[in-house]
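Single-structure report; data block below.
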């Protein structure tokens, strides 16, 4: 008995530890440093780097990708596939110790590959796309800054490092959304994104504070090890705050409104930041924090609800939009809803969400770049009602966009089928009636997705031409733009099938993402039935869209019913924000300004006026006559002597 | 009749004072025998060498803790520290006094006896070389200050007070420009100074009477006797309290504490600016050195009786200085009121009943001395054809005309306001924390509140310099000669270093905070 006790592990069950990075993996910091240095060079050299700056930007991300690949293969040989690298003490104040450390594990590795891989292709594309813009060097500097911050976000080994990267991508996103800052819409969109993200960031920050207050640390391993010792309420609060942060960054309900507006930025920005990588940071945060989210079932229910609600919201609004980039943006909101649904379901579905995230990174980046290619050929027109029949003129864009379209609507054998369908299945795998709720929501979302994406595809590339007068002959984009498109299209086709097996297995080594420990629930419907149903709704949605829009559409807004009008107005979410937050906020601000002006400033000003007035009056005592000075000295002397004598006589004190 | 027995004299310990007084006498001889053309250089060299020599002796004596010359002089930690401080600041002031390139002939009048505003007076203002008597006068004043902070009985202290004051009265009258203002300032300073000296002397008499009334002890005005008498006094000591009050008045007058501050603005404004700086730095050190010694050595036993009264004086001083600084329109008067408020903060340190209070006060004196000399050095540089442009309206937009000097002055003003990373913050923190630890929280509260009021006039000048457009009448800053540059550099660097890295001086002050009795 004693022997058993002596041999019992000292660490609590579920303890998380990471090996120290050695050898080649010891240089994992280069991943962050290279794009950061490149960004610094581009910003500091200024105009001198205009001629070659963009190639430096592309090269730095390319090198980071190659390094990432090398590290990735290094990691395969390791036992627990996770290494940690402490660079220096970042913050050391009292009890607060924050390590400037990196963690390279399977989850971080797949993100590194996605960010640098897709990022490299988009950088390449942007060289051509931005070639006529005088600010191209600045654009690439911000782009590299974004890549560095995003890599820091996924590579940090504690929540403060994550927050550091989190704010970095927020900054880069702000700079890039309002890249064309002379356009009022772009400047406003940048501000909107920044402000809404602040709400989420505040949540994340308070979550980190709670971690420090209750666990005394922000290191991943220590937090995950210690989360079992927290009360359910603390975990719930902590999780909700992290979720608020995640919702802000990922454009999830209720903080989704900034993401479509962010399309005011250049199209490569939309592709990289607002489709493929940054907006998935929320999914990363939840997946990374899975020991926290798995520890409380209420929390998981909230995450699932947010995901399900957002995926329907995004899909419904996406159906009513006519701006090609906004449709794609709402589609992103909707697809990230699927990912939230996945990470919220917990267990094995974490890995499914990550697979969908990776697949989405490919096909959504592909479609955004495709949209950019269309805009390039159509003099920056974004209204899909003024496209039509472009398949003839832009063969490569058409074919690659088709690959993305088929992937997102999830028809086999394209990647969306392999990544989205398992999430739908997992949604049905719940014990109670919520299985039906979330399962049917996911299923309905699939049908809606098929409808609006097909509408987008058909209106853009097929049907009669409805171009504006100044366009006579749309042209295909140059090679530098089409090559990334082709590569991403290949990814869109193949990635799902290739990843659905190995990636969950690969991710198992990530702390808490094993999923095997949990007994699989029975689905309320058979797997086959769900598969057939999901393909069925997809085909119905796509077919309906094809039937309605094959002959084009009106080029002006048409009168519409309640639902369409609501969808055109973003389901009144902006109006709700306005009445619930903006109006009271403005009122509160006015009230505070009033209070500040009349109350606080009034007091301060009155005090200042009192001092000034007193000063002016006292000044008159300074007459300049020695006789009056002597009198005042004498009076003072009498007072001092009297005071001393009073003290002596015991009258004072 | 027994043979007269002379007390033993430790000449090494007295050397700093003797060197200064000797140099002053040599200066008088230089006036008589050295040709007029060379006098300025010789006098400046004599005075500076004397100050540096005296400083060397102070450093060599650093470990002395003794009472010499028949109990008249105490050479102990505070005395040596304050003597060192006076000498360093006097050296800086001498650099300012010796400057002759900023204005032709220097800041001093050539012949003080010429009728003010007469034709002759205007002619000499055009560039006749200034009077070189200022150097022996300064040396005498510094010598008096050195005795003042080391005096171990009230009579020696009175003599020292007169030795330091009389040259200062004269120096105030020697401004090259605005002769009437300068003479008026000197006259006022002299009359009121004499008046205050009378209070002091009367106080000495009362205290002597008090000690004579304590049975079993010989009467006397040396601090050891007074200390013992205060401790042993059986009866109600009306004489003690009356005497203490009058002595305090005499010292507070020199320190510029309210309501005995009335001379300060007029004299600071009228005196030649280098002398104003000298008074603001060195006289302050001397006066507070004497206050520290009198109240920490002689009257220590009556601490709980004098603290509330002097505390009230301190609060009043801070209030008067801060509030009146708000409406000043002349930079020299503004700095005068600032120095009055600083006297209040220094009193807070004096009233802290610990050795931390002593060391904090001494640190404050040094830090303030450096800053205020630098401030007056900048004042000497902002000028037009009629001399210094001291009216604040003339400083509007100076930041655009002369960003470097406006930047330096801004830094000094921020130090006065007590912004961290300047010596002003460290020194205020030192005295306030000592007073707080000593149970004088009310003084600290008053100090912090008045500091806030006082920040306004400083920032007003900053705003005026940087955010106003330069007007027609905004003068440019004159390029300073090497003497002023050196003084300004020393002052600004010291203000910065004592704010960023104050520990060595704080340690030095803490190690020198014990008086001998």
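Some notes on this structure:
- Only residues that are over 18 Å from residue B:383 (Cα atoms) and over 13 Å from the mean Cα position of the chain (by Cα) were counted across the range B:93-113, and they come to 6.
- Condition met for residue B:300 (out of contact with any helix residue (DSSP H, G or I) (no Cβ under 8 Å at 6 or more places or on another chain) and either free of Cβ contacts under 8 Å to residues at least 12 places away in the same chain or on the phi < 0 side of the Ramachandran plot (or both)): no
Matching residues to (1) modelled with pLDDT of 75 or more; (2) touching a strand residue (DSSP E or B) at 6+ places or on another chain (Cβ under 9 Å); (3) within 30 Å of residue A:350 (Cβ to Cβ):
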{"position": "A:472", "(1), (2), (3)": "no, no, no"}
{"position": "A:487", "(1), (2), (3)": "yes, no, yes"}
{"position": "A:496", "(1), (2), (3)": "no, no, yes"}
{"position": "A:510", "(1), (2), (3)": "no, no, yes"}
{"position": "A:515", "(1), (2), (3)": "no, no, yes"}
{"position": "A:521", "(1), (2), (3)": "no, no, yes"}
{"position": "A:539", "(1), (2), (3)": "yes, no, yes"}
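- Taking the range A:72-89 as the range and being part of a helix (DSSP H, G or I) and under 25 Å from the mean Cα position of the chain (by Cα) as the test, only A:72 passes.
- Qualifying residues in the range B:236-261 (those that are over 23 Å from residue B:148 (Cα atoms) and within 9 Å of chain A (Cβ to nearest Cβ)) - the one surrounded by the fewest Cβ atoms within 10 Å (Cβ to Cβ): B:236
- With respect to (1) assigned to a loop (DSSP other than H, G, I, E, B); (2) within 28 Å of residue A:346 (Cα to Cα); (3) touching a residue at least 12 places away in the same chain (Cβ under 8 Å), the lone exception for residue A:466 is condition (2).
- Residue in the range B:146-156 that is away from chain A (no Cβ under 14 Å), farther than 23 Å from residue B:207 by Cα, under 15 Å from the mean Cα position of the chain (by Cα) and surrounded by 24 or more Cβ atoms within 10 Å (Cβ to Cβ) present: yes
- Within the range A:610-629, the residues that satisfy the criterion of being more than 7 Å from chain B (Cβ to nearest Cβ), part of a helix (DSSP H, G or I) and closer than 20 Å to residue B:268 by Cα are A:627, A:628.
- Total residues in the range B:209-229, condition buried (at least 20 other Cβ atoms within 10 Å of the Cβ), under 19 Å from residue A:645 (Cβ atoms), in contact (Cβ under 8 Å) with a residue 24 or more places away in the chain and away from chain A (no Cβ under 12 Å): 1
- Any chance residue B:297 is surrounded by fewer than 22 Cβ atoms within 10 Å (Cβ to Cβ), away from chain A (no Cβ under 14 Å) and farther than 21 Å from residue A:642 by Cα: yes
- Enumeration of residues in the range A:530-584 that are crowded, with 17+ Cβ neighbours inside 10 Å and assigned to a loop (DSSP other than H, G, I, E, B): A:552, A:553
- For the criterion of being part of a helix (DSSP H, G or I), facing chain A (nearest Cβ under 10 Å), closer than 30 Å to residue B:108 by Cβ and under 17 Å from the mean Cα position of the chain (by Cα), residue B:277 fails.
- Hey, residue A:632 in a helix (DSSP H, G or I), exposed (fewer than 15 other Cβ atoms within 10 Å of the Cβ), modelled with pLDDT of 85 or more and within 14 Å of chain B (Cβ to nearest Cβ) or not: no
- Filter result for residue B:233 (at pLDDT below 90 and within 14 Å of another protein chain (Cβ to nearest Cβ)): yes
The values are calculated or read from the model by the stated rules, or taken from the named source; none is laboratory data. As the structure is a computational prediction, the values presented were derived from the model and not from experiment. Because the Cβ atoms are built from the backbone with ideal geometry, glycine has one as well, and the counts that use them run over all protein chains shown.
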